[in-house]
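The values are calculated or read from the model by the stated rules, or taken from the named source; none is laboratory data. What you see is a predicted model, and the numbers here were worked out from it, not measured in a lab. Note that we place each Cβ from the backbone using ideal geometry, even for glycine, and neighbour counts take in every protein chain shown. Surface accessibility is based on the protein's heavy atoms, side chains included, excluding ligands, DNA and RNA. Shrake-Rupley method; radii C 1.70, N 1.55, O 1.52, S 1.80 Å.
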Amino acid sequence: MSKILITRRTFQEAEDKLLQAGSEVVIWGEPDSPGYEELLKEVRDIDGLYAHITNQVDGAVMDAAPNLKVITEFGVGYDNIDVDAANKRGIAVCNTPGILSESTADEAFALLMAMGRRTHDLPQLVKRGEWGDFDPLAYLASDIHHKTLGIVGMGRIGGEVAKRAAGFNMKVLYYNRNKRDEEFGATYVSSLDELLQRSDYVSLHNPLTPETTGLMGSEQFKLMKKSAMLINTTRGPVVDQEALYDALTAGEIAGAALDVTVPEPIPADHPLLTLDNCLIMPHVASATDDTRLKMAMMCVDNVLAGLAGDWPPYCVNRDQISDNARIKQ
Ligand code: DGY
């Protein structure tokens with residue numbers, strides 16, 4: 001019988017499907033994710049690992065699990081998994097692409113709208129009883145329509161954001177490793193600097209890699225318009241948070257909305273939380289009931305396929321392990 005470890009609680013449908021397939025399922029039941037040492041112990045005799053963003057799955061974890069054949073990440077980003085280490089060991093690594101693109105784009109756009117039209121801060125003022133007499137010069141926000149949105153990383157999620165922006169009559173620029181088809185009227189710019197200089201809103205959708213760590217730092221904030229706003233729904237380390245704090249307090253940019261931070265959760269006394277022009281969400285871009293259930297079922301499909309000796313439907317390293325894949329042994 002194959003043994004599968006799920007490192008956080010999950011949907012009943014997902015657990016049921018694994019059990020119906022005859023697997024032994026171990027679900028980490030503690031309120032917080034297993035720490036690294038706990039993970040090393042828990043993986044000892046597993047065949048499949050259903051992991052989450054909070055698990056660091058490196059070569060040592062893989063070595064602690066000699067039977068491990070397949071790892072699935074609950075999410076599209078799998079920067080917490082050492083794929084090179086998995087390649088060396090013939091372990092299939094999978095994720096949940098596509099299914100969360102629209103929910104993530106919805107959230108990015110909601111953050112853009114909240115910052116632009118100040119739905120993040122003005123309701124607080126009303127609650128405090130500070131809504132003053134009508135004043136043509138008070139509570140001014142920024143338009144969304146006819147403003148320029150700069151999308152960094154034009155993959156599936158970036159494309160969905162561009163589609164939403166088109167519906168709001170925005171002009172859309174994008175910067176990407178490769179020029180893509182100019183869908184939804186988005187215009188390619190060949191440098192990040194140009195995108196930053198021209199955009200009223202900048203939304204980050206690139207994966208976290210060594211090259212994109214600290215992509216947005218003090219030099220980049222200085223290039224942005226003073227009226228511009230940054231939206232980050234990708235990964236916290238893409239933004240240098242100290243530089244962001246300095247840029248927000250110095251008025252180099254007008255605002256920022258972050259779904260992701262370093263660390264996560266961000267401590268309640270973090271300086272960014274003292275700023276009215278910074279909105280922080282608890283890493284929830286894919287967190288809708290429908291999308292999270294579909295992600296869980298994709299993880300189940302990945303694990304079950306792998307453990308049955310088939311290629312998982314969403315395997316990211318098939319080309320790298322085709323000769324030594326443990327799922328085929
Ligand atoms: C993703 O899918 O990458 C989400 O951020 C959850 O980790």
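Structure notes:
- Scan of the range 149-169 for residues that are open to solvent by 20 Å² or more (accessible area, probe 1.4 Å) and touching a residue at least 24 places away in the same chain (Cβ under 8 Å), ordered by number: G155, R156, I157, E160, K163, R164, F168, N169
- Checklist (1) within 16 Å of the ligand (Cβ to nearest atom); (2) surrounded by fewer than 24 Cβ atoms within 10 Å (Cβ to Cβ); (3) free of Cβ contacts under 8 Å to residues at least 24 places away in the same chain applied to T54, failing item: (3)
Yes/no matrix, rows are residues, columns are (1) within 30 Å of T288 (Cβ to Cβ); (2) in contact with a Lys or Arg (Cβ under 6 Å, 6 or more places away or on another chain); (3) at pLDDT below 95:
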position	(1), (2), (3)
P34	yes, no, no
R44	no, no, no
H52	yes, yes, no
M62	no, yes, no
N67	no, no, no
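- Under the condition of being in contact with an Asp or Glu (Cβ under 8 Å, 6 or more places away or on another chain) and either open to solvent by 70 Å² or more (accessible area, probe 1.4 Å) or outside the structural domain of P207 (by TED's automatic domain parsing) (or both), the residues counted in the range 246-276 number 2.
- Only one entry in A65, A92, A114, A141 is away from the ligand (no atom under 16 Å from the Cβ), more than 23 Å from T212 (Cβ to Cβ), out of contact with any Pro (no Cβ under 9 Å at 6 or more places or on another chain) and not assigned by TED's automatic domain parsing to the domain that holds V202, namely A65.
- Complete set of residues in the range 312-323 that are assigned to a helix (DSSP H, G or I) and either open to solvent by 20 Å² or more (accessible area, probe 1.4 Å) or modelled with pLDDT under 95 (or both): R318, D319, Q320
- Residues that are more than 16 Å from the ligand (Cβ to nearest atom) and surrounded by 21 or more Cβ atoms within 10 Å (Cβ to Cβ) were ranked within the range 5-22; the one that is farthest from R326 (Cα to Cα) is L18.
- Applying the condition of being open to solvent by 40 Å² or more (accessible area, probe 1.4 Å) and of a type in the set (A, V, I, L, M) to the range 285-303 and asking which residue is nearest to the ligand (Cβ to nearest atom) yields A287.
- Residue count, the range 23-42 (criterion: assigned to a loop (DSSP other than H, G, I, E, B) and open to solvent by less than 40 Å² (accessible area, probe 1.4 Å)): 5
- Residue list for the range 68-83, restricted to those being open to solvent by 10 Å² or more (accessible area, probe 1.4 Å) and either more than 22 Å from the chain's Cα centre (by Cα) or more than 16 Å from the ligand (Cβ to nearest atom) (or both): K69, D82
- Top-ranked residue of the range 222-243 - restricted to ones that are out of contact with any strand residue (DSSP E or B) (no Cβ under 8 Å at 6 or more places or on another chain) and away from the ligand (no atom under 16 Å from the Cβ), ranked as nearest to M113 (Cα to Cα): S227
- Screening the range 61-134 for helices (runs of 4 or more DSSP H) wholly inside it with 1 or more residues that are touching a residue at least 40 places away in the same chain (Cβ under 8 Å) and over 30 Å from S227 (Cβ atoms) returns the ranges 83-89.
- Any chance L140 is of a type in the set (A, V, I, L, M, F, W, C) and free of Cβ contacts under 8 Å to residues at least 12 places away in the same chain: yes
- Lone qualifier among A243, A308 - being at pLDDT 95 or above, surrounded by fewer than 20 Cβ atoms within 10 Å (Cβ to Cβ) and assigned by TED's automatic domain parsing to the domain that holds T212: A243
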